[in-house]
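Asks: Take this structure first; my questions come after.
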């Protein structure tokens, strides 16, 4: 499999195959948020165009990733700026050269961080070859007319803390 020259992101370096990645994304019908359909994913999907800063979209394009087809998106809870902390993953065909230890921060967004990793949820379309993940974390406004509903696994409604501290990824896999 032909890997292009290395891509450097902060203190991380990867090699990737743009064409192979683009071909896989071309075969996918839509992103995770549309498949899931929960209120948190609906909130994410309806404003996906505004979630990713331009600098991150450029990186996705360079790697052959369709920004409308995340492999996973999830909501952690409300954060101090009135938004909700979201995270998610994109996959691409590639291999890690240097793992690094620090998240990259999008220069055109004060609440968007991302990094390369070799772990992530199952992705059948990417089985059988070298696969890497771009994991992201960002603040997203709540724009749906209904309020977010948090429930336990037994279905009991719960009150979520007003503000949570988001995870900070320090260790690379």
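A short reminder: the numbers here are calculations on the coordinates, not readings from a lab. Computed from a predicted structure; not experimentally measured. Reconstructed Cβ throughout: ideal geometry from the backbone, glycine too, with neighbour counts over all protein chains shown.
Asks: Only counting other Cβ atoms within 10 Å, I'd like 18, 57 sorted with the fewest neighbours first.
Replies: So the residues, fewest neighbours to most, are 57, 18.
Asks: So for 89, 142, fewest C-beta neighbours within 10 Å to most, what's the order?
Replies: Final ranking by Cβ density, sparse to dense: 142, 89.
Asks: Once R0 is set to 22 Å, what does the formula 1/(1 + (r/R0)^6) return for the Cβ-Cβ distance between residue 119 and residue 8, expressed as a FRET efficiency to the nearest 0.05?
Replies: 0.60
Asks: Measure nothing fancy, just the Cα-based angle from helix 54-63's long axis to the longest principal axis of the chain, in degrees from 0 to 90, nearest 10.
Replies: 40 degrees
Asks: Take the alpha carbon atoms of the stretch 44-63, find their center, do the same for the stretch 70-127, and report the distance between the two centers in whole angstrom.
Replies: Centre-to-centre (Cα) distance: 12 Å.
Asks: Residue 61 to residue 30: extension gain in nm, 0.36 nm per residue of separation minus the Cα-Cα distance?
Replies: Answer, rounded to one decimal: 9.5 nm.
Asks: Can you give the extra length, in nm with one decimal, that the chain gains between residue 141 and residue 102 once fully stretched, where that is 0.36 nm per residue apart less the Cα-Cα distance?
Replies: 11.5 nm
Asks: Which whole-number percent gives the relative contact order of the chain, counting Cα pairs below 8 Å spaced six or more residues apart?
Replies: Worked out over the chain, it gives 25 percent.
Asks: So which residue, out of 73, 106, 45, gets the largest mean-square fluctuation from a GNM of the chain using Cα contacts under 10 Å as springs?
Replies: Greatest mean-square fluctuation among the candidates belongs to 106.
Asks: Quick one: 52, 76, fewest Cβ neighbours within 10 Å first, how do they rank?
Replies: Result, fewest neighbours first: 76, 52.
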